[in-house]
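The values are calculated or read from the model by the stated rules, or taken from the named source; none is laboratory data. Everything numeric here is computed off the predicted structure, so don't read it as measured data. FYI the Cβ positions are ideal-geometry reconstructions off the backbone, even for glycines, and counts take in every protein chain you see. Surface areas here come from the heavy atoms of the whole protein model, side chains and all, with no ligands, DNA or RNA. Shrake-Rupley method; radii C 1.70, N 1.55, O 1.52, S 1.80 Å.
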Amino acid sequence: MKGKPLPHWRLKIDEIDDEIIRLLKHRMDIGISIAKYKRENNLPTIDEQRRDEIMNKYQNALNDYGVQIFNLIHNLSVKI
């Protein structure tokens with residue numbers, strides 16, 4: 001197979017992984033702030049309507065693996 005060598009593609013994957021990790025950490029930091037707000041204001045931890053809105057928004061853009069990953073991220077964030 002011709003094209004760019006394997007190390008090139010691995011470097012690209014590493015760059016994407018670094019960005020994913022950075023964004024996940026940022027998301028979790030925001031999730032901690034949301035959890036604190038909800039506790040202070042006696043709000044329920046999980047807002048099913050909000051979760052459904054998000055899933056409906058992104059469902060068409062995500063394949064089955066993407067939906068599973070999104071569900072995992074959401075489930076972990078509500079445990080904060």
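A few points about this structure:
- Answer from Glu40, Glu19 - the residue that is more than 17 Å from the chain's Cα centre (by Cα), among the charged types (D, E, K, R) and exposed (fewer than 11 other Cβ atoms within 10 Å of the Cβ): Glu40
- Hits in the range 22-37 (condition: open to solvent by less than 90 Å² (accessible area, probe 1.4 Å) and closer than 20 Å to Val67 by Cα): Leu23, Leu24, Arg27, Met28, Gly31
- Qualifying residue in the range 49-58 (condition: touching a helix residue (DSSP H, G or I) at 6+ places or on another chain (Cβ under 7 Å) and either free of Cβ contacts under 8 Å to residues at least 60 places away in the same chain or more than 20 Å from Ile73 (Cα to Cα) (or both)): yes
- Of the helices (runs of 4 or more DSSP H) contained entirely in the chain, not one carries at least 1 residues that are in contact with a Cys (Cβ under 9 Å, 6 or more places away or on another chain) and at pLDDT below 90.
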